[in-house]
1. Mind listing just one residue for me: the one in the stretch 1-19 that is surrounded by 12 or more Cβ atoms within 10 Å (Cβ to Cβ) and in contact with a strand residue (DSSP E or B) (Cβ under 6 Å, 6 or more places away or on another chain) and, of those, nearest to G226 (Cα to Cα)?
2. Give the residue, chosen from A213, A179, A195, that is without any contact (Cβ under 8 Å) to a residue 40 or more places away in the chain, small (G, A, S) and over 21 Å from L119 (Cα atoms).
3. Conditions: (1) farther than 27 Å from V5 by Cα; (2) in contact with a His (Cβ under 9 Å, 6 or more places away or on another chain). D69 meets all but one. Number of the miss?
4. Sort out which residues of the stretch 191-212 are farther than 23 Å from Y129 by Cβ and either buried (at least 16 other Cβ atoms within 10 Å of the Cβ) or touching a helix residue (DSSP H, G or I) at 6+ places or on another chain (Cβ under 6 Å) (or both), and write them in order of number.
5. Here are some conditions: (1) more than 21 Å from Y54 (Cα to Cα); (2) without any contact (Cβ under 8 Å) to a residue 12 or more places away in the chain. L220 meets all but one. Which one does it not meet?
6. If only one of L185, L197 is within 18 Å of the chain's Cα centre (by Cα), in a loop (DSSP other than H, G, I, E, B) and at pLDDT 95 or above, which one is it?
7. Can you pull out the helices (runs of 4 or more DSSP H) entirely within the stretch 59-176 that have at least 3 residues that are surrounded by 18 or more Cβ atoms within 10 Å (Cβ to Cβ) and of a type outside the set (G, A, S)?
8. If Q22 satisfies all but one of (1) surrounded by fewer than 16 Cβ atoms within 10 Å (Cβ to Cβ); (2) at pLDDT 95 or above; (3) part of a loop (DSSP other than H, G, I, E, B), what's the number of the condition it fails?
Amino acid sequence: MSGNVINRGGSDPERLYLQDMQFAMPDGVIVVVKATNIKDVDMPDLVARHKARYYQVGLFCRPKNIVLDFPCGSGYAAEVLRPLGVNYEGLELDSFTVGYAHWLYGYGSVTTKFADGDLRYPHMEKEWYDVIGCIEGLEHIDMEFQDPLIAAFKEALKPGGVLVVSSPENPTGVSGKSAHNQYHLGELTRADFLALLHRHFPSDSVELVTHRAVLSTDVLTTCFYGICHKQ
């Protein structure tokens, strides 16, 4: 509704916003964004970790590649990947965050686009993307949606394309909701993460990279990165 004000960022840990910004949505709603600043969290470390994940995606990017970032959050991955000469597309569930990403990273650019997208009900053109990154997205949807999502990603990749998908490990030894993060609806064990990817990509086309990091929940967590090559 015109005249409303929507606030984003600040101490909210759900999405990472790197700059303050105020802008108007097409319907007149004013969006006020404050740069993320979470109490008792080492923010420079958090920002570095979030940006560095996209270098896994960047390993497979080449000039003029069409690259999908889904979910794209506040869009900062565009700054990481755009210098590689790619055509970047970001999809995100929250339309106000899409607006923020557009004004900060996409305005005036013909190679950077942002739009609404829902991981639970993905709509992507068949065999369109050279590279797809699903970074810190899989765990945010219920497990019933994860299998069709990976299937949709595979269908959206060109032959020879690469999917890079991440997930924190569920430390309980059982896949399901996180005990530490209310936003994580489907954290996977190592075995279940690999089984999910192997249902859609041959095992010899899937590589697994892991690292351990203290996340915003202040819990040391093993993080998985599945690198899936479409034949």
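The values are calculated or read from the model by the stated rules, or taken from the named source; none is laboratory data. On a predicted model such as this, the values are computed, not experimentally measured, just so you know. Cβ coordinates were reconstructed from backbone atoms using ideal geometry, including for glycine residues, and neighbour counts include every protein chain displayed.
1. As a first pass, look at the stretch 1-19 and keep what is surrounded by 12 or more Cβ atoms within 10 Å (Cβ to Cβ): 6-10, 12-19.
Still in the list and also in contact with a strand residue (DSSP E or B) (Cβ under 6 Å, 6 or more places away or on another chain): 6-10, 17.
Details: I6: 36, N7: 34, R8: 31, G9: 29, G10: 31, Y17: 26 Å.
Ranking the candidates gives Y17 first.
2. Values: A213 fails: without any contact (Cβ under 8 Å) to a residue 40 or more places away in the chain; A195 fails: over 21 Å from L119 (Cα atoms).
Result of the check over A213, A179, A195: A179.
3. Only one criterion in (1) farther than 27 Å from V5 by Cα; (2) in contact with a His (Cβ under 9 Å, 6 or more places away or on another chain) is unmet by D69, namely (2).
4. D192
5. Every listed condition holds for L220 apart from (1).
6. Numbers: L197 fails: in a loop (DSSP other than H, G, I, E, B).
Going through L185, L197 in turn, the sole match is L185.
7. Values: elements: 77-81, 95-101, 143-156.
In the stretch 59-176, 95-101, 143-156 are the helices (runs of 4 or more DSSP H) which contain 3 or more residues that are surrounded by 18 or more Cβ atoms within 10 Å (Cβ to Cβ) and of a type outside the set (G, A, S).
8. (3)
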